[in-house]
1. What nm distance separates the two modelled labels at VAL120 and HIS88, each placed 7 Å from Cα along Cα→Cβ?
2. In region 58-118, which trypsin sites (Lys or Arg not before Pro) are in a loop and have at most 15 other Cβ atoms within 10 Å, using DSSP for the loop call?
3. Long-range amide H contacts for PHE93: which residues qualify at under 5 Å (H placed 1.01 Å from N, peptide plane, sequence gap of 5 or more or a different chain)?
4. Give the residue list of chymotrypsin sites (Phe, Trp or Tyr not before Pro) in region 29-127 that are DSSP loop and have at most 13 other beta-carbon atoms within 10 angstrom.
Amino acid sequence: MVYTLHLGTSSVQQILAHLVADHASSLAQSGCSKIFITSRKAKACEEACDALNKLPGFSGKAISVPADLAKSGEVERLVAEVGKHTDHVDILFANAGATWGAPFDKHPESAFAKVMDLNVKSVFVCIQQYAVQCRPAEE
């Protein structure tokens, strides 16, 4: 998700739908003017945006930008899409939620790599790609 507050812009990438709703709703009610929702599931993004845009007192706009951050190039595409609407990000909230349900001693190395790639590597790349937009504006 990416948020634009009256005092600036913030970006939040979140995969778990209920957390998206909680965080986005809080920011919307705090005066956020733009909220960009991202998830690998386009329908979930649209539903979250629809709910946010209907919040009483929310005068901003929620915008859906689906992106599967586990795939190469998707973080860059997300940043580019958000960049069409804003050039500055004050808050970046990046999170991912892949898990693998196996006992520790039976957990395959390939599953470990999948979880680490999404939960750590893609979050790192997302933060890295937003670094320029997150820097304070020079006066």
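1. 3.5 nm
2. Loop-located and lightly packed - LYS71, LYS84.
3. Sorted by chain and number, the residues that satisfy this are SER11, VAL12, GLN13.
4. Working: sites: PHE36, PHE58, PHE93, TRP100, PHE104, PHE112, PHE124; in loops: PHE58, TRP100.
In loop regions of region 29-127 (DSSP not H, G, I, E or B), the sparsely surrounded chymotrypsin sites (Phe, Trp or Tyr not before Pro) are TRP100.
FYI, it's all coordinate maths here, none of it is from the lab. Because the structure is predicted, anything quoted here is derived from the model rather than measured. Every residue, glycine as well, gets a Cβ built from its backbone with ideal geometry; the counts of neighbours run over all protein chains shown.
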